[in-house]
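The values are calculated or read from the model by the stated rules, or taken from the named source; none is laboratory data. Everything numeric here is computed off the predicted structure, so don't read it as measured data. A quick note on method: Cβ atoms are made from the backbone with ideal geometry, for glycine too, and the neighbour counts reach across all protein chains shown.
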Amino acid sequence: MADEVVRLDKVRRDYLVGDQVTTALGGIDLVIERGEFVAIVGPSGSGKSTMMNLIGCLDRPTAGSVKIAGDSTNELNDNQLTSLRSKAIGFVFQQFQLLPNTTAIENVMAPLLYQGKNTKEAKRDATQMLTQLGLGDRLNFDRNRLSGGQQQRVAIARALVTSPDIVLADEPTGALDSKTGAAVIELLKDLHRDGRTVVLITHDLEIAASAPRRVFLRDGLIERDERGAK
Amino acid sequence: MKLLGTATLALNRIWATKIRSLLTMLGVVIGVAAIVALTSIVDGASQGINKSLATLGTNQLNITAMAADSLTEQDAQELAALENVSVMFVQAQNQGTIATGDKRVNARLVGVSAKYFEAVKPEIALGSYLSSSSFAATAKDVVFGADAANDLGLTKAMLGQTVKLNGQDFRLVGVLDDQAGFGTSGRVYVPIDSARKLFSQYPYVSSIVIQANTAEQVDTLQLQADVLLRERYGLGAETTARYTITNQASLIAAVGSITATLGLLLTGIAAISLIVGGIGIMNIMLVSVRERTREIGVRRAIGAKQSNILTQFLIEAIVLSLAGGVVGLILGEIAAFFLAVIGDWVFSIRLDTVGLALGFSLLVGVVFGVWPARTAAKLEPIDALRFE
């Protein structure tokens, strides 16, 4: 059996909006194996944000089972879910979401510090990661002094620094011009080439096309699961 | 995340929003400064009162007769013979008239025994106290209190001249400078033997004053004096109508409790402003939690536990409050210093005031920081991330 980092079995997620039950995901079966680069594609309302929350250990399913890096999230309490998230997931958000009033290195150190590493270790690892991404001379710049592309690389460094099982990118090109956006996609491809598991959430078919596997969502269900270059 | 790292986050945030942080602290600054300054005023005032009471003698017991024939000189002699009594004197007093030339006014005539001046040591303005020769049987000397002297318009030239007390001639030997004391105005002092001839019947006295060797002996002495007098007059434990015994130390204690109450009242008022300051901090922290909902979401996503978020916001509130407390303490002590200069009392930085000010501001930070911090910690990460 191959190494499954994500396993969704008959996953259902209902939300209560007012007194109305809305079904965001209506029964999803999905397996992602280690080292895959998967795009989860769909228009807004298709359930892709809910997929991100479930895979990202930010949320638990209403029914069915979600296993991330071998651990089932169903039974975990908030603290345990946070620990799993901290270990297994590296987030790359739309609009970078760098922390305010903090420098590049402080952003990258934060996940390590939350894992309980001491400041010295965290600083060493963060410096190494930023240097790898070509930001060795920008360590103490705060976000106002970084360009869009640089900010995105800081965000990626922050996602990678804990060596997570999955890099989860949520519309990472959404706020960028097409050239910078393309550079970010190249970065994700590089990560994939290095053997990392990358899950890309997007509504953009063109962006999705850069992934070797594409899972199309519509109305909370998987419409089709494509493999191979397009 | 280690506590130190969390504290650094909180400090960064406070530094990044300097003006807002300063304004937020202001309530606590004012509250703490008020507490410190008011405490020092109360301290200064009670220092002053105690000083003037202490000049009356803290070792002193006054036994005052409730009726003209309640106490006698024999009582006084027996009281003087008690253990640990250093000085005893008696007084016999009555209303009377004093006159010079064609001017005549009412005054309180006080007959005192020889030890009076030695024990009380009133300030003298002119001339001298009643000397031992004044207490000789034939001498008719008088010392005027400041108010009595003013009432008659006495001048320095009149020292040694004759004044009339209840129509009898007396020689003026001195004028006291006793305006600062209380209860001594409009008085003239004569030897007790002279008083016997003027108004008072032997052997009765209006009051007996005894002094203990040390302040610690006063309470015991008071008990002994009471027992002695009860035995002499065959009084039951319940009856006290014949005399009252007052104790300077208990007077000082009474004043102390009044100033303590006053202090509590003023501190209470200042504490209210501290609470208002705390509410200000809570308000700003709640606004801050709302503004930073996204940040909280991102922090949760990259691995912050609820406890990390709680600690971050709680430390921020505590630092704001504590910093306000430190600034308030400094301002309060500066104010206290100038008040001490103006009010002419001794300025000192009291450790308990420092502790109280810092302790209270810490408490305010914790109490008013908990709710916003809990609100922040309880945010659902997915809601926080989606928050616009």
Sole exception among (1) in contact with a helix residue (DSSP H, G or I) (Cβ under 7 Å, 6 or more places away or on another chain); (2) more than 14 Å from chain A (Cβ to nearest Cβ) for residue B:258, by number: (1)
Residue in segment A:82-92 that is farthest from the other protein chains (Cβ to nearest Cβ), counting only those that are aliphatic (A, V, I, L, M) and in contact with a helix residue (DSSP H, G or I) (Cβ under 9 Å, 6 or more places away or on another chain): A:92
Any hit, segment A:142-153, residues being surrounded by 15 or more Cβ atoms within 10 Å (Cβ to Cβ), aliphatic (A, V, I, L, M) and in contact with a Leu (Cβ under 9 Å, 6 or more places away or on another chain): yes
Complete set of residues in segment B:165-187 that are farther than 16 Å from residue B:108 by Cβ, at pLDDT 85 or above and not acidic (Asp, Glu): B:167, B:168, B:171, B:172, B:173, B:174
Residues being closer than 22 Å to residue B:272 by Cα, surrounded by fewer than 22 Cβ atoms within 10 Å (Cβ to Cβ) and either at pLDDT 90 or above or among the hydroxyl-bearing types (Ser, Thr, Tyr) (or both) - total across segment B:326-352: 7
In segment B:375-388, residue modelled with the lowest pLDDT [restricted to those that are part of a helix (DSSP H, G or I) and surrounded by fewer than 16 Cβ atoms within 10 Å (Cβ to Cβ)]: B:386
Condition met for residue B:265 (without any contact (Cβ under 8 Å) to a residue 24 or more places away in the chain, more than 14 Å from chain A (Cβ to nearest Cβ), in a helix (DSSP H, G or I) and not small (Gly, Ala, Ser)): yes
Every residue from segment B:88-124 that is within 32 Å of the chain's Cα centre (by Cα), more than 15 Å from residue B:145 (Cα to Cα) and at pLDDT below 90: B:115, B:118, B:119
Residue that is among the small types (Gly, Ala, Ser), under 20 Å from the mean Cα position of the chain (by Cα) and more than 30 Å from residue A:67 (Cβ to Cβ), where the choices are A:110, A:88, A:104, A:157: A:104
Residue in segment B:333-341 that is away from every other protein chain (no Cβ under 12 Å), acidic (Asp, Glu) and part of a helix (DSSP H, G or I) present: yes
Scan of segment A:62-72 for residues that are surrounded by fewer than 21 Cβ atoms within 10 Å (Cβ to Cβ) and either within 13 Å of chain B (Cβ to nearest Cβ) or not in a loop (DSSP other than H, G, I, E, B) (or both), ordered by number: A:63, A:64, A:65, A:67, A:71, A:72
Residue check, residue B:50 under 34 Å from the mean Cα position of the chain (by Cα), surrounded by fewer than 20 Cβ atoms within 10 Å (Cβ to Cβ), closer than 30 Å to residue B:332 by Cα and away from chain A (no Cβ under 14 Å): yes
Among (1) of a type in the set (A, V, I, L, M); (2) within 25 Å of residue B:26 (Cβ to Cβ); (3) within 14 Å of chain A (Cβ to nearest Cβ), the one test that residue B:358 misses: (3)
Qualifying residues in segment B:10-62 (those that are of a type in the set (Lys, Arg) and closer than 30 Å to residue B:316 by Cβ) - the one modelled with the lowest pLDDT: B:13
